[in-house]
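Participant: Here it is: the structure, laid out below.
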Amino acid sequence: MKKLVWLLPLLLVLSCNYGNKDILNFKVEYKPDCVYKQTMSDKTSMETKYDASPEILQTLKDKGVQNPTKIADDISVQIILKTGKLGPQNIYQFTLAYLKTTSKYGKKEIPDNTLFYGTDTLGHIPVIDSVSASPDIAADIKKNLISTVQELLQESNGQEESLKVGQQFTRENPMNVDLGFTKLRMDVNNTYTLKNIVNGLATFEITQVYTLSSTIKDHTFKAEGTGKGNVVYDISGNYYKDYAIDMALTMSMDNGGIFANIHTESTIDIQTMLVQN
């Protein structure tokens, strides 16, 4: 359901500057000469119920399709993001490596040891210009991977936010939903509320609302969902240590006389360790 969901960390790398004891200033930014080590786990369960004429339901049964169909997966992804030393005109190298993905079904949206190369500039968005991957991957797929990563980096560049404990801000991000035969695009409204600042850590509560923003000819789709979790930021290191959220998504669709109701629940946890060279 969630195409390239493990790219989510790229949407969440927010720099935190503790301007004084009462106010935090946020802006999207990577620091030069650093290594970000990330481990993500995504536990997902999905149930699909079909409603159609007895003949169509029997055809699905004959093809081995169970009604309802239940799928559960547990994905783990290891990522390393490195930035180079600050150079002329405030430019530095930027690399993003997807080291290893493990999954119950062995599915890997991005092959192991895929490495994206680019450059970053202080106050700007990293630019991905190439990718090193398995020779078996076609050139057009590599181009799509670069485009996907670049799009996520672009979308993560929100305006700077300043807030005190108890205050909140909102970010809008899209999410691609892969149904196999088609892809849908959902809008995700993220509200961050600063809960507390203790021992150099800033904790935010996140609430999410998902809405469908796609229309497909000859198909009817409805979808909605919510999410709730917490983010913990290390203020002195200017990076988030932990991102954890539980999300639930419900979708209904009419596909040529077959009505499907899909309910998905996911628990996502991303741990990040920053090493400054």
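The values are calculated or read from the model by the stated rules, or taken from the named source; none is laboratory data. Here the structure is a predicted model, which is why all the values come from computation and not from measurement. Cβ coordinates were reconstructed from backbone atoms using ideal geometry, including for glycine residues, and neighbour counts include every protein chain displayed.
Participant: Do we have GLY166 as within 26 Å of VAL188 (Cβ to Cβ) and assigned to a loop (DSSP other than H, G, I, E, B) here?
Facilitator: Yes; evaluated as a whole, the condition is true for this residue.
Participant: I'd like to verify a number: residues in segment 229-277 that are more than 19 Å from ILE80 (Cα to Cα) and not in a strand (DSSP E or B), how many?
Facilitator: Residues flagged as more than 19 Å from ILE80 (Cα to Cα) and not in a strand (DSSP E or B) within segment 229-277 amount to 4.
Participant: Name the residue that is surrounded by the fewest Cβ atoms within 10 Å (Cβ to Cβ), counting only residues in segment 212-240 that are modelled with pLDDT of 85 or more and more than 22 Å from SER45 (Cβ to Cβ).
Facilitator: VAL232
Participant: Of the numbered conditions (1) in contact with a helix residue (DSSP H, G or I) (Cβ under 6 Å, 6 or more places away or on another chain); (2) more than 30 Å from ALA138 (Cα to Cα); (3) among the β-branched types (Val, Ile, Thr), VAL77 satisfies every one except a single condition; which is it?
Facilitator: So VAL77 meets the others, but not (2).
Participant: Taking the conditions exactly as written (within 20 Å of the chain's Cα centre (by Cα), under 30 Å from ASP187 (Cβ atoms), exposed (fewer than 13 other Cβ atoms within 10 Å of the Cβ) and touching a residue at least 12 places away in the same chain (Cβ under 8 Å)), does GLN154 satisfy them or not?
Facilitator: It is true that GLN154 is within 20 Å of the chain's Cα centre (by Cα), under 30 Å from ASP187 (Cβ atoms), exposed (fewer than 13 other Cβ atoms within 10 Å of the Cβ) and touching a residue at least 12 places away in the same chain (Cβ under 8 Å).
Participant: Same structure, new question: Does segment 242-255 hold any residues that are among the charged types (D, E, K, R) and crowded, with 16+ Cβ neighbours inside 10 Å, and which are they?
Facilitator: Across segment 242-255, the qualifying residue is only ASP242.
Participant: Out of ILE258, ILE262, ILE197, ILE206, I need the residue that is of a type in the set (Val, Ile, Thr), in contact with a helix residue (DSSP H, G or I) (Cβ under 7 Å, 6 or more places away or on another chain) and surrounded by 15 or more Cβ atoms within 10 Å (Cβ to Cβ). Which one?
Facilitator: The unique qualifying residue is ILE258.
Participant: Also, I was wondering about something else. Can you pull out the residues in segment 117-138 that are at pLDDT 90 or above and farther than 22 Å from GLN89 by Cα?
Facilitator: The one that is at pLDDT 90 or above and farther than 22 Å from GLN89 by Cα: VAL131.
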